[in-house]
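Participant: The structure is given below, and queries will be raised subsequently.
Bear in mind that the values in this text are calculations on the coordinates, not laboratory data. A quick note: this is a predicted structure, and the numbers were derived from the prediction, not measured.
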Amino acid sequence: MASTISAQYLDVVIDQAWSRSHFRIGEKYNYVTKNIPKFFNAWINKVRGFFIIEMVDMIRHKMMERMDHIRAFRKKWRGKLVPNVFKYVQTLVKGIGQYIGRRSNDHRAEVVGPKITCVVRLDERTCSCRVWQVSSLPCVHAATFITRVRGLDICDFVLQFYSLEMFKKSYAHTINPVPSIDDWVKIDVPFTVGPPGTRKNRIKNPDEKKA
């Protein structure tokens, strides 16, 4: 039976403070969404009424422009990490002043904070607070240890998929240009008139606003 007192406690505490503790550890990217198909459908909404060949060609144009825009934008970035993660790391480092680190060896330390004391293991990339394991980003305890060891760069302890190099690779693929439809090879295919199409209404999720 559920505890009323526990339920009241969880109602007061924000969800992020307790629900993430049950997430499995491993590689994650601090972003969860189930609406990717919804966003993609909205992105191509203006081309949905065209014939299939024209529609595919227009989607190809949009993807080429999008990827080219992101590649050009990425060239302005500097450092090892993508900007939002680098900003997170900078904010983290600024907040370590109230933490005390006591090294056990080159890879382990005890970090004392205002509320709790945690054990950081750099060789395993873990902290007993579990923030590092769950988010794949160093926690404030790990930052306290890393920044006080000469020769270590905290950016090297961030999951590699947050790096500029991996971001560059994700947009390294090429969408090849296609000549005008007038230059396509013409083939003789029997023409058949199909039945007229019917309008399809997408079933909305319960949490979506009705028009």
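Participant: Pull out the extension gain between Thr4 and Ile44, defined as 0.36 nm times the separation in residues minus the alpha carbon to alpha carbon distance; nm, one decimal. Mind showing how you got there, number by number?
Facilitator: Details: separation 40, 0.36 × 40 = 14.40 nm, distance 4.76 nm.
Working it through step by step, the gained length comes to 9.6 nm.
Participant: For region 83-151, what does the alpha-carbon gyration tensor say about shape, rounded, prolate or oblate, given a ≥ b ≥ c as the root eigenvalues, a/c under 1.5 as rounded, and a/b over b/c as prolate?
Facilitator: Values: a/c = 1.37, a/b = 1.29, b/c = 1.07.
Rounded shape, in that the Cα axes give a/c under 1.5.
Participant: Related question: How much length would be gained if the chain were fully extended between Glu124 and Phe191, taking 0.36 nm per residue of separation minus their Cα-Cα distance, in nm to one decimal? Can you show the working numbers first?
Facilitator: Details: separation 67, 0.36 × 67 = 24.12 nm, distance 6.48 nm.
Taking 0.36 nm per residue and subtracting the Cα distance, the gain is 17.6 nm.
Participant: Over region 60-211, what is the relative contact order in percent, taking alpha-carbon pairs closer than 8 angstrom and at least six residues apart?
Facilitator: Details: 133 pairs, mean separation 30.4, N = 152.
The value is 20 percent.
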